[in-house]
1. Quick one: in segment 108-131, which of the residues that are in contact with an Asp or Glu (Cβ under 9 Å, 6 or more places away or on another chain) and not in a loop (DSSP other than H, G, I, E, B) is nearest to A146 (Cα to Cα)?
2. Taking segment 111-145, which residues are surrounded by fewer than 16 Cβ atoms within 10 Å (Cβ to Cβ) and under 22 Å from the mean Cα position of the chain (by Cα)?
3. Answer yes if at least one residue in segment 161-184 is part of a loop (DSSP other than H, G, I, E, B) and in contact with a Leu (Cβ under 9 Å, 6 or more places away or on another chain), and no otherwise.
4. Within the group R97, R117, R107, which residue is touching a residue at least 12 places away in the same chain (Cβ under 8 Å), of a type outside the set (G, A, S) and more than 19 Å from L199 (Cβ to Cβ)?
Amino acid sequence: MSDKPSPAFDRRSLILPAVAFLFGLATLSLAALWTLAPGPEATRASSVGGPFELTAMDGRRVSSREFEGAPTLVFFGFTHCPDICPTKLMELSEVLRAAGDKAGKARALFITVDPARDTPEAMKNYLSSFDPRIVGLTGSQEEVDAVVKAYRAYYRKVPTSSGDYTMDHTAMIYLMDRKGQFVGGFNIERPPAEAAKELLRYL
């Protein structure tokens, strides 16, 4: 008796891998269409940010409309932050300096998540070590919470062993265009000149 497979067996052995390949290709195509579809992504992006009113570090009441007309970088933090905030603020300062006068009205907003301690005076003193185009914003707890929610950010008070507290918070930098619309997360961990070039694209 011959051990040679029958022609029917040969055809089946070829058909099954072909069907599996076509199924996989169709699945990948559907996944690509779902990923690249602009509708849901555009909806998510447009729902980040929005109008607000807060108190600037000079004591003035300001609204988000004052920062329209130029790109704005937004960062949430607090003045008692031991590491992340001063690092990010220094990096923001370097980007603004690299952009120079070409940046025009471009600003960076440092919005506190700890308004109980971050008075306008505290914000002003803290930010005096960084680029003057970084504007510190505070307000009532309700006002700050509304902005945090609008930007889909996060913060949480964390008690310390000394009886004090620190804040866990979103470390993302938001890039807003000249109309105040969310563009995306701004990569600050690159050469300042490269980051400044991207910022200037939105003037």
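Since every read-out is calculated from the coordinates, none of them should be taken as a lab result. Since the model is a prediction, treat every value here as computed from it, not as a measurement. Glycine gets a Cβ as well: all are built from the backbone with ideal geometry, and neighbour counts include every protein chain shown.
1. This residue is T112.
2. P132, Q141, E142, D145
3. We begin by selecting, within segment 161-184, every residue part of a loop (DSSP other than H, G, I, E, B); these are 161-164, 170-172, 177-181.
Now narrow it down to the ones that are in contact with a Leu (Cβ under 9 Å, 6 or more places away or on another chain): 178.
Yes, because at least one residue in segment 161-184 is part of a loop (DSSP other than H, G, I, E, B) and in contact with a Leu (Cβ under 9 Å, 6 or more places away or on another chain).
4. The unique qualifying residue is R117.
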